[in-house]
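Some notes on the structure that comes next.
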Amino acid sequence: MLSRPSRCNGPMNRGLPWTGPLLYFTWRGWHNAGLLNIYITMQTETETSLLTQKTRELCQAILEEPVFRAGQERIAAFLADEKARAQYELVVSKGQALQEKQQQAQALSDAEVAEFEKQREILINNPVARGFMDAQEELHEIQHTIKKSVNKTLELGRVPTEADLQEDCGHGCSCH
């Protein structure tokens with residue numbers, strides 16, 4: 001049987017006044033209030049379970065979003081088109097090479113820049129590659145919107161309003 005003592009007579013607190021509700025005296029001696037720990041653990045697990053459920057619902061909503069589905073289809077079409085992938089890889093590698101030269105303070109020749117621009121135009125005019133790039137941007141925007149909403153919720157401690165979400169916090173924040 002648990003009882004609340006008026007004074008703590010346990011081995012570590014002999015004769016000291018009662019210190020709070022977390023310790024109970026039993027005929028066997030002192031122990032932590034295990035029921036409180038179980039309650040907190042169960043409450044945390046329940047909250048985690050609710051968060052997991054709501055996260056899964058959000059994931060399902062994303063999957064059902066027409067913009068997402070259309071983007072996935074365009075990405076799949078791009079991955080199946082070897083010519084579009086090769087063009088994309090060529091432009092990316094040429095762009096990286098030009099960027100590396102600039103970072104090393106080397107001059108870029110007009111021919112190098114012109115070749116890059118030519119390959120970039122070919123890529124942009126390829127409808128499959130263009131669809132892929134547009135899909136990437138749309139998916140990034142979905143991620144950004146979700147991340148910004150969650151970050152604002154954690155920051156404010158409440159569901160953000162449209163006005164809260166319209167505030168530009170700058171590129172150094174974690175919502176970008």
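Calculate how large, on average over all directions, the projected area of the Cα convex hull of the stretch 96-138 is; give the answer in nm² to one decimal.
So the Cα hull casts an average projection of 3.6 nm².
Applied to the stretch 90-105, the Karplus parametrisation 6.51 cos²θ - 1.76 cosθ + 1.60 on θ = phi - 60° returns per-residue 3J(HN,Hα) values of 4, 5, 4, 5, 5, x, 5, 5, 5, 5, 4, 4, 5, 5, 8, 6 Hz, with x for Gly and Pro. Taking other residues whose beta carbon is less than 12 angstrom from the beta carbon of Ala80, and scoring Lys, Arg as +1 and Asp, Glu as -1, yields 0. Working out 0.36 nm times the residue gap between Glu121 and Glu141, then minus their Cα-Cα distance, what length gain in nm do you get to one decimal? This chain segment gains 4.8 nm when fully extended.
If r is the Cβ-Cβ distance from Ala111 to Ile62 and R0 is 45 Å, what FRET efficiency results, to the nearest 0.05?
Efficiency computed from Cβ-Cβ geometry: 0.50.
Eigenvalues of the alpha-carbon gyration tensor of the stretch 66-176, scaled by 5 and square-rooted, set the equivalent ellipsoid semi-axes at 35, 22, 10 angstrom, largest first.
Values in this text are rule-based calculations from the coordinates and carry no lab data. Here the structure is a predicted model, which means the values were calculated and not measured. Methodologically, a virtual Cβ is constructed for each residue, glycine included, from the backbone with ideal geometry; neighbour enumeration extends over all protein chains shown.
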